[in-house]
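**Q** Below you'll find the structure I mean.
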Amino acid sequence: MITLEQCRVWDQADELAALRQQFDLPDGIIYLDGNSLGVLPRSAMSRAQDVIRREWGADLINSWNKAGWWSLPVRLGDHVAPLVGAGAGEIVVTDTASLNLFKVLANAVRIQNSRHPEKKIILAERDAFPTDLYMIQGLIELLDQGYALQLLDEPGDLATAVTEQTAVVVLSHVNYRTGYLYDMEAVTGLVHAHDALIIWDLCHSIGAVPMNLKAADADFAIGCTYKYLNGGPGAPAMLWANPRHHGALWQPLSGWWGHARPFDMSTEFVPATGIRSFLCGTQPIVSMSLIACGVDIFRQTDMQIIRSKSLRLTDLFIQLVEQECAGLDMMLITPLDHQHRGSHVSFRHPQGYAVLQALIARGVIGDYREPEVMRFGVTPLYLGYSDIWHAVQNLKAVLQDREWDQDRFRVRGLVT
Ligand SMILES: *Cc1c(COP(=O)(O)O)cnc(C)c1O
């Protein structure tokens, strides 16, 4: 039996507990949705004031040089790099994850077309975050060169799904719905053994699990900054290319920010060398300026410490649901095996949507994804063991007393 007292003892011994003070969390809320929209770092408030008042308001156009706005996408990339096992000059922060996927996929296809033009399959998961599939479909249509999207049904089928026809594989490191975590190194090796290239979507793993893109020798990666990294709603995404590919990078969206000498104002596009070439147009500086605030907090600890607490918290959530909500139709869809679990836990429940709304009404915020899936994100920087206890107690109350069974909890918002 796990008790609240036990959870409090674990909280006392938690070496990350002090970092919670660096976030501005609303009172009376247990936030289990940091995998969808991260919380507000306190320093982001003063940073936003400074960017708007001084850099924009007072210094105006001078700030492109004086405040380093021009170099911000690459400097931020260097700041994020240690979290994903990348080096300096390998990451740029820009655009959205969807757009970045388009750019790196265009690169991967182009590289493969020059080496193995007969390979025409782009492999991705049926259960991928849909934008990945949409972007792949869009590029295939645009290229009109006979490429086809093949959908993988289960992670276990990967070894047989990758064949000599496979040009590029696009996978989510952590699945947004189930929380399934791929072994980046093993999968990259498997893909390379078939002369295919791999693109990792890190949206649900950056800031959630340790990884080493370079040790795994992956080809390309993209990821959000507004989820676990707490960069703010719609903050630009990251894009990584293995330095192995830097000699042959290609920017399909050849805007002036990716030009070698943008202020030559020449008629011809000459790409910048290196990762900067993946920039397209003028960056959203205000939003981008806040990303470092969240990343700074990560850099006060390390991903191994975050990971071990994350696993203890997700284990606790799963055990408490078993202990407190037995017989109440909660069906775990997240792997129990640590090797294959990210930092969120998901359960199916026939009334998942209404249960989740009733839970939110009690101040416990998770989210809902079709079909019937309730997701609970675990963020070790600002969640403790007692929080998990209280979250599950609320869940139990909602289920036991059928609190969810009210019309107001069945109304769907635009965003679930
Ligand atoms: C959140 C998420 C995205 C979102 O992409 P945007 O372009 O930032 O909207 C893509 N892929 C995965 C796996 C995600 O979790």
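**Q** May I ask you to give the average projected area over all directions of the convex hull of the Cα atoms of segment 83-185, in nm² rounded to one decimal?
**A** Answer in nm², one decimal: 7.4.
**Q** Between segment 96-126 and segment 31-73, what's the alpha-carbon centroid distance in Å?
**A** Computed from Cα coordinates, the inter-centre distance equals 33 Å.
**Q** Moving to a separate point now. Length gain on complete extension for the stretch Ala248 to Arg115, per 0.36 nm per residue less the alpha carbon to alpha carbon distance? Could the numbers behind the result be given before it?
**A** On the way: separation 133, 0.36 × 133 = 47.88 nm, distance 1.25 nm.
Contour length minus the Cα-Cα distance gives 46.6 nm.
**Q** By DSSP, what percent of the beta bridges with both residues in segment 70-298 are antiparallel, rounded to the nearest 5?
**A** 35
**Q** How many percent of the alpha carbon pairs in segment 70-298 exceed a separation of 30 Å?
**A** 19
**Q** Still on this structure, please answer the following. Taking H as built 1.01 Å from N, whose amide H comes closer than 5 Å to the amide H of Ile198, not counting residues under 5 places away?
**A** So Ile198 has HN proximity to Val169, Asp219, Phe220.
**Q** Continuing with the same structure: For a quick check: with amide H placed at 1.01 Å from N, whose amide H comes under 5 Å from His344's, ignoring anything fewer than 5 positions away on the same chain?
**A** Val378
**Q** With all protein chains present and a 1.4 Å probe, how do Ser343, Ser36 order by accessible area, largest first?
**A** Largest to smallest exposure gives the sequence Ser36, Ser343.
**Q** Given the DSSP H assignment, sum -39500 (n - 2.57) over each helix run of at least 4 residues in the chain and divide by its residue total; what's the result at 222 nm in deg cm²/dmol, nearest 500?
**A** That comes out to -11000 deg cm²/dmol.
**Q** Where q = 0.12, 0.14, 0.18, 0.19 Å⁻¹, what log10 of I(q)/I(0) comes from the Debye formula for segment 5-101, counting one point per Cα?
**A** Treating every Cα as an identical point scatterer, log10 I(q)/I(0) equals -0.65, -0.84, -1.15, -1.20.
**Q** Additional query: Rounded to the nearest whole Å³, what is the per residue volume of the convex hull around the Cα atoms of segment 216-296?
**A** Spread over its residues, the Cα hull of segment 216-296 gives 114 Å³ apiece.
**Q** Report for the chain the percent antiparallel among DSSP-assigned beta bridges with both residues inside it, nearest 5.
**A** Restricted to the chain, the bridges split so that about 55 percent are antiparallel.
**Q** Which distance in Å, rounded to a whole number, links the C-alpha centroids of segment 322-369 and segment 130-148?
**A** Here the two parts' Cα centres lie 33 Å apart.
**Q** Now a separate question. With springs only between Cα atoms under 10 Å apart, run a GNM on the chain and tell me which of Gly363, Gly179, Gly77 wobbles the most.
**A** Maximum fluctuation in the GNM of the chain, among the listed residues, is at Gly363.
**Q** Modelled label-to-label distance, Trp256 and Arg412, 7 Å Cα→beta-carbon offset: nm?
**A** Rounded to a tenth, the inter-label distance reads 4.4 nm.
**Q** Further question on the same structure: Which whole-Hz couplings ³J(HN,Hα) result when phi for each residue of segment 284-298 is put into the Karplus expression 6.51 cos²θ - 1.76 cosθ + 1.60, θ = phi - 60°, listed in order with x for Gly and Pro?
**A** x, 4, 4, 5, 5, 5, 8, 4, 4, 4, x, 4, 3, 5, 4
**Q** Roughly speaking, what is the stretch gain from Glu185 to Leu332, that is 0.36 nm per residue apart minus the C-alpha to C-alpha distance, in nm to one decimal? Before the final figure, lay out the partial values.
**A** Details: separation 147, 0.36 × 147 = 52.92 nm, distance 2.66 nm.
That works out to 50.3 nm of additional length.
**Q** To the nearest 0.05, what FRET efficiency results for Leu60 and Leu149 with a Förster distance of 45 Å applied to their C-beta separation?
**A** 0.45
**Q** Hand me the chymotrypsin sites (Phe, Trp or Tyr not before Pro) from segment 342-416 located in a DSSP loop with no more than 11 other Cβ atoms within 10 Å, in residue order please.
**A** In loop regions of segment 342-416 (DSSP not H, G, I, E or B), there are no sparsely surrounded chymotrypsin sites (Phe, Trp or Tyr not before Pro).
**Q** Follow-up. Give me Rg over Rh for the chain, both radii from the alpha carbons and Rh done the Kirkwood way, two decimal places. All intermediate terms of the calculation are to be shown ahead of the outcome.
**A** Working: Rg = 22.2 Å, Rh = 22.5 Å.
So for the chain, dividing Rg by the Kirkwood Rh gives 0.99.
**Q** Apply the Karplus curve 6.51 cos²θ - 1.76 cosθ + 1.60, θ = phi - 60°, to the phi angles in segment 334-343 and return the couplings in whole Hz, x for Gly and Pro.
**A** With the stated coefficients, segment 334-343 comes to 8, x, 6, 5, 4, 4, 10, 10, x, 10 Hz.
**Q** So between Glu164 and Val286, what do we pick up on full extension, going 0.36 nm a residue minus the alpha carbon distance?
**A** 39.4 nm
**Q** For Ile30, enumerate residues with amide H under 5 Å from its amide H, sequence gap 5+ or separate chain, H modeled in the peptide plane.
**A** Long-range HN contacts for Ile30: Val364, Ile365.
**Q** Run the simple label-point estimate for Ala397 and Glu5 please: 7 Å along Cα→C-beta, distance reported in nm.
**A** My value for the distance between the label points is 2.3 nm.
**Q** What cysteines in the chain have no other cysteine with a beta carbon less than 4.7 Å from their beta carbon?
**A** Cys7, Cys280, Cys293, Cys325
**Q** Over the chain, what is the mean sequence separation of C-alpha contacts under 8 Å (at least six apart), divided by residue count, expressed as relative contact order in percent?
**A** Numbers: 768 pairs, mean separation 89.2, N = 416.
Result for the chain is 21 percent.
**Q** Can you work out ³J(HN,Hα) from phi for every residue in segment 64-78, in order, using Karplus 6.51 cos²θ - 1.76 cosθ + 1.60 and θ = phi - 60°, giving whole Hz and x for Gly and Pro?
**A** My calculation for segment 64-78 gives 4, 8, 4, 9, x, 4, 4, 8, 3, x, 7, 4, 5, x, 5 Hz in order.
**Q** Among DSSP beta bridges lying fully in segment 170-238, give the percent that are antiparallel, nearest 5.
**A** 25
**Q** Report the equivalent ellipsoid semi-axes for segment 317-382 in whole Å, largest first, defined as the square roots of five times the eigenvalues of the gyration tensor built from alpha carbon atoms.
**A** After diagonalising the Cα gyration tensor, the semi-axes are 18, 15, 12 Å.
**Q** Let me confirm the definition first: pairs of Lys residues in the chain, 8 or more apart or on different chains, C-alpha distance under 26 Å. How many are there?
**A** 9
The values are calculated or read from the model by the stated rules, or taken from the named source; none is laboratory data. Note that the structure is predicted; figures quoted are calculated from it, not measured. Backbone-built Cβ (ideal geometry, glycine too); neighbour counts: all protein chains shown. Heavy atoms of the whole protein, side chains included, go into the accessibility calculation; ligands, DNA and RNA do not. Shrake-Rupley method; radii C 1.70, N 1.55, O 1.52, S 1.80 Å.
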